[in-house]
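Engineer: Below is one structure. I have some questions about it.
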Amino acid sequence: MVEIRQLRKTFGPIVAVDHVSFTVSRGDVLGFLGPNGAGKSTTMKMITGFLTPTKGTVTVNGFDIQQQPLDAKKNLGYLPEGAPAYGDMTPLSFLLFIGAMRGFRGDDLRRRVRETVKKVNLDGVLHQPVETLSKGFKRRVGLAQAILHDPSVLILDEPTDGLDPNQKHEVRSLIRDMAKQKAIILSTHVLEEVQAVCTRAMIIAKGKVITDGTPAELEAQSRYYNSIILRLKGEAAGVQAMLQRLPGVKTVDVLEGPSGTRGFRVIPERGQTIIGAVSQGVHDHPWDVIELSVDRGHLDEVFRSLTMPAQALT
Amino acid sequence: MSRIGVIFKRELIGYFATPIAAVFIVIFLMLAGAFTFYLGDFFARGQADLLPFFNFHPWLYLVLIPALAMRLWAEERRGGTIELLFTLPVTLWEAVVGKFLAAWCFTGIALALTFPLWVTVNVLGEPDNGVILAGYIGSFLMAGGFMAIGSCVSAMTKNQVIAFVVSVVVGLGFVLSGFPLVLDFFSGWTPQFFLDLISSFSFLTHFHDVSRGVIDLRDVVYFLSLIVFWLFATALILEWKKAE
Ligand SMILES: Nc1ncnc2c1ncn2[C@@H]1O[C@H](COP(=O)(O)OP(=O)(O)OP(=O)(O)O)[C@@H](O)[C@H]1O
Ligand SMILES: [Mg+2]
């Protein structure tokens, strides 16, 4: 539904987006990750037709955003970074305005606004000027504006930034509910969000796509993927050396923990599963085990190692 | 077309939802009154017309319209709503025209609220109401010219103060180019067609006759094409640097 080909944007000497290509189809929720200044927002601005690409094309439901901007934009819902809205309007008048701009009139318009207001919990603040709303409510107004016309493509730039934990949860379930009928691209700095809502994650840095895959595949790139956390009571002398000798084990790190306990992280060789060996070891020794768990890997660690290659080795 | 209407309505309501409308209208009426009665010797002239009133309009608009126009695009840029607006299914042209028409219409409302003056001359004497109507039409067209300049300048910057100052300066150029002082400076050593060219660009030259009741099609075309030109420039500038 969204097809991005060789997209590039330069601002003078700055290359903000560098030959990015990807496709997002119905049912996909693509999480855009990347450090500050990676080019996430710039890419979104080109997809939504606000910025003209230096090179490359974007098509939305078959409409080229540069050649047929009106048709493409009709199929798009967009929450820009920072959720801008006209400050002197109330959320209600603002949403009525956006709806009218999208071609809805009369009862149809009012019904849509009512339904959307309910979806993003704006009821309490409908008549208060947007500029006096808290950051989280402003973000919800922006979200409401983006989904008002039930677009088949949704582009959300940091949709949960500034929301409280309850609202984050609400917005994520809202996105999950809409996911089946839509192609969604969202950017975020919250990595757990990727696990919570995205079917696909893409890390970009310095304008280039570094990796693209399911969140699980990303996690699998973690050094800690399938590593075992083992925590024991007492001195646990010789445990580290014993763990180290198990088949498939690469290294054993000692973990910080409460005094009187010892913790270990047993890291497997790439592609190896060692839970069997470790639990056998636990079985065979008279250790006082308080924790034994498998780590699925850490997205933030993958993120760091991919976007800061120089430090990744340390 | 209907999207122009939607933008027009939002903008016009916006003026009245903020103190802008009240402040602008009150100051406009006060200045118009002060100019007419004190500087224009409205009563002492002993003539039943509104000429002293209309004579000051170029100067009134020179300062007041940039104050209204400066926010047209600079505010959208500053607040980031420009990104919202131009990712809606709307063309650049529709947005430029919708916002301009609302602002122009707003000055029209302020102008219409000077009707007590018209009532006054009709009570005091027997003015030629056709001349007065022509004056109002000319004044409204001229307001549109100032507003279109302001719209274009506002599209260039995020900063409303800069937008205001630059619009006043550009507007001043358009007023002064018909001023005898400026024309005298050029006359004698420049060819006549150059003099005519300069004065033909002036608001004063075109407003002068209209405010005296002579609605020449050329004057109307002048103001309308001026408006179209500056709005076109507005759209070009937005297209070129809307994201900056
Ligand atoms: N209008 C502009 N003029 C000049 N440079 C720009 C402009 N807009 C963006 N950039 C540059 O492009 C690069 C990418 O910026 P972008 O906003 O896309 O990053 P981002 O990934 O969204 O970052 P963040 O996580 O902080 O939101 C940055 O180096 C930024 O300085
Ligand atoms: Mg960004």
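The values are calculated or read from the model by the stated rules, or taken from the named source; none is laboratory data. As the structure is a computational prediction, the values presented were derived from the model and not from experiment. Reconstructed Cβ throughout: ideal geometry from the backbone, glycine too, with neighbour counts over all protein chains shown.
Engineer: Give the residues of the stretch A:47-84 that are in contact (Cβ under 8 Å) with a residue 60 or more places away in the chain, away from ligand 1 (no atom under 16 Å from the Cβ) and of a type in the set (Val, Ile, Thr), sorted by residue number.
Structural biologist: A:VAL60
Engineer: For the list (1) hydrophobic (A, V, I, L, M, F, W, C); (2) under 30 Å from A:GLY162 (Cα atoms); (3) surrounded by fewer than 19 Cβ atoms within 10 Å (Cβ to Cβ), I need the number of the one condition that A:ALA241 fails.
Structural biologist: For A:ALA241, the exception is condition (2).
Engineer: When residues of the stretch A:62-85 are filtered for being out of contact with any helix residue (DSSP H, G or I) (no Cβ under 7 Å at 6 or more places or on another chain) and part of a loop (DSSP other than H, G, I, E, B), how many remain?
Structural biologist: Residues flagged as out of contact with any helix residue (DSSP H, G or I) (no Cβ under 7 Å at 6 or more places or on another chain) and part of a loop (DSSP other than H, G, I, E, B) within the stretch A:62-85 amount to 6.
Engineer: Could you name every one of the helices (runs of 4 or more DSSP H) located completely within the stretch B:141-233 that has at least 3 residues being within 15 Å of the chain's Cα centre (by Cα) and free of Cβ contacts under 8 Å to residues at least 60 places away in the same chain?
Structural biologist: Numbers: elements: B:160-176, B:180-186, B:192-200, B:203-211.
The helices (runs of 4 or more DSSP H) meeting that bar are B:160-176.
Engineer: In the stretch B:112-140, how many residues are in a helix (DSSP H, G or I), modelled with pLDDT of 90 or more and of a type in the set (Ser, Thr, Tyr)?
Structural biologist: 2
Engineer: Select the strands (runs of 3 or more DSSP E) contained entirely in the stretch A:199-269, then report the ones holding at least 3 residues which are among the aliphatic types (A, V, I, L, M) and either touching a residue at least 40 places away in the same chain (Cβ under 8 Å) or touching a helix residue (DSSP H, G or I) at 6+ places or on another chain (Cβ under 8 Å) (or both). Step through it out loud before you land on a result.
Structural biologist: Values: elements: A:200-205, A:208-213, A:227-233, A:249-255, A:261-268.
Qualifying strands (runs of 3 or more DSSP E): A:200-205, A:227-233, A:249-255.
Engineer: Also, quick follow-up: In the stretch A:46-61, how many are more than 10 Å from every other protein chain (Cβ to nearest Cβ), within 14 Å of A:LYS74 (Cα to Cα) and part of a loop (DSSP other than H, G, I, E, B)?
Structural biologist: Residues in the stretch A:46-61 being more than 10 Å from every other protein chain (Cβ to nearest Cβ), within 14 Å of A:LYS74 (Cα to Cα) and part of a loop (DSSP other than H, G, I, E, B): 1 in total.
Engineer: Looking at the stretch A:13-33 only, could you name the residues that are within 23 Å of A:VAL190 (Cα to Cα) and surrounded by 15 or more Cβ atoms within 10 Å (Cβ to Cβ)?
Structural biologist: Listed by number, the residues that qualify are A:ALA16, A:VAL17, A:VAL20, A:PHE22, A:VAL24, A:ASP28, A:VAL29, A:LEU30, A:GLY31, A:PHE32, A:LEU33.
Engineer: Let me ask something else. Would you point out which residue out of A:LEU163, A:LEU143 is out of contact with any Phe, Trp or Tyr (no Cβ under 9 Å at 6 or more places or on another chain), modelled with pLDDT under 90 and either within 14 Å of chain B (Cβ to nearest Cβ) or away from ligand 1 (no atom under 16 Å from the Cβ) (or both)? Before you say what the answer is, go through the steps one by one.
Structural biologist: Working: A:LEU143 fails: modelled with pLDDT under 90.
Testing whether each residue is out of contact with any Phe, Trp or Tyr (no Cβ under 9 Å at 6 or more places or on another chain), modelled with pLDDT under 90 and either within 14 Å of chain B (Cβ to nearest Cβ) or away from ligand 1 (no atom under 16 Å from the Cβ) (or both) leaves just A:LEU163.
So that you can scan it fast, the table gives a plain yes or no per residue for (1) within 10 Å of chain A (Cβ to nearest Cβ); (2) surrounded by 19 or more Cβ atoms within 10 Å (Cβ to Cβ):
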{"position": "B:GLY80", "(1), (2)": "yes, no"}
{"position": "B:LEU88", "(1), (2)": "yes, yes"}
{"position": "B:TRP93", "(1), (2)": "no, no"}
{"position": "B:LEU101", "(1), (2)": "no, yes"}
{"position": "B:TRP104", "(1), (2)": "no, yes"}
{"position": "B:ALA112", "(1), (2)": "no, no"}
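Engineer: Does A:GLY87 satisfy being crowded, with 22+ Cβ neighbours inside 10 Å, more than 16 Å from ligand 1 (Cβ to nearest atom) and at the interface with chain B (Cβ under 10 Å from one of its Cβ atoms)?
Structural biologist: Numbers: crowded, with 22+ Cβ neighbours inside 10 Å: no; more than 16 Å from ligand 1 (Cβ to nearest atom): yes; at the interface with chain B (Cβ under 10 Å from one of its Cβ atoms): yes.
Spelling it out, it is not the case that A:GLY87 is crowded, with 22+ Cβ neighbours inside 10 Å, more than 16 Å from ligand 1 (Cβ to nearest atom) and at the interface with chain B (Cβ under 10 Å from one of its Cβ atoms).
Engineer: With the checklist (1) touching a helix residue (DSSP H, G or I) at 6+ places or on another chain (Cβ under 6 Å); (2) within 14 Å of another protein chain (Cβ to nearest Cβ); (3) over 21 Å from B:ARG3 (Cβ atoms) in hand, flag the one item B:GLU76 doesn't pass.
Structural biologist: Result: B:GLU76 passes all but (3).
Engineer: Right, another one. Restricting attention to the stretch A:169-185, and to residues there that are more than 16 Å from ligand 1 (Cβ to nearest atom) and in contact with a helix residue (DSSP H, G or I) (Cβ under 8 Å, 6 or more places away or on another chain), which single residue is nearest to A:GLY39 (Cα to Cα)?
Structural biologist: Start the filter on the stretch A:169-185 by keeping residues that are more than 16 Å from ligand 1 (Cβ to nearest atom), which leaves A:169-184.
Now restrict to residues that are in contact with a helix residue (DSSP H, G or I) (Cβ under 8 Å, 6 or more places away or on another chain): A:171-172, A:174-176, A:178-179, A:184.
Values: A:VAL171: 24, A:ARG172: 23, A:LEU174: 26, A:ILE175: 23, A:ARG176: 25, A:MET178: 26, A:ALA179: 24, A:ILE184: 18 Å.
Only one residue fits best here, namely A:ILE184.
Engineer: Can I ask one more? Need the failing condition index for A:LEU148 against (1) touching a Lys or Arg at 6+ places or on another chain (Cβ under 8 Å); (2) modelled with pLDDT of 95 or more; (3) farther than 23 Å from B:GLU11 by Cβ, just the number.
Structural biologist: So the condition that A:LEU148 fails would be (3).
Engineer: Provide a single number: the residues in the stretch B:195-244 that are within 14 Å of chain A (Cβ to nearest Cβ) and charged (D, E, K, R).
Structural biologist: 4
Engineer: Name the single residue, out of those in the stretch A:1-24 being within 14 Å of ligand 1 (Cβ to nearest atom) and under 16 Å from A:ILE203 (Cα atoms), that is nearest to the other protein chains (Cβ to nearest Cβ).
Structural biologist: First, the residues of the stretch A:1-24 that are within 14 Å of ligand 1 (Cβ to nearest atom): A:7-18, A:20.
Add one more test, that the residue is under 16 Å from A:ILE203 (Cα atoms), and what stays is A:7, A:16-18, A:20.
On the way: A:LEU7: 15, A:ALA16: 11, A:VAL17: 13, A:ASP18: 18, A:VAL20: 18 Å.
Selected residue: A:ALA16.
Residue by residue, here is whether (1) within 16 Å of ligand 2 (Cβ to nearest atom); (2) crowded, with 23+ Cβ neighbours inside 10 Å; (3) modelled with pLDDT of 95 or more holds:
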residue	(1), (2), (3)
A:MET1	no, no, no
A:PHE11	yes, no, no
A:PRO35	yes, no, no
A:THR48	yes, yes, yes
A:VAL58	no, no, yes
A:ASP64	no, no, yes
A:ALA72	no, yes, yes
A:ASN75	no, no, yes
A:LEU79	yes, yes, yes
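Engineer: Check the stretch B:10-20 and report whether any residue there is at pLDDT below 90, part of a helix (DSSP H, G or I), under 18 Å from the mean Cα position of the chain (by Cα) and within 14 Å of chain A (Cβ to nearest Cβ).
Structural biologist: Yes, the conditions are met somewhere in the stretch B:10-20.
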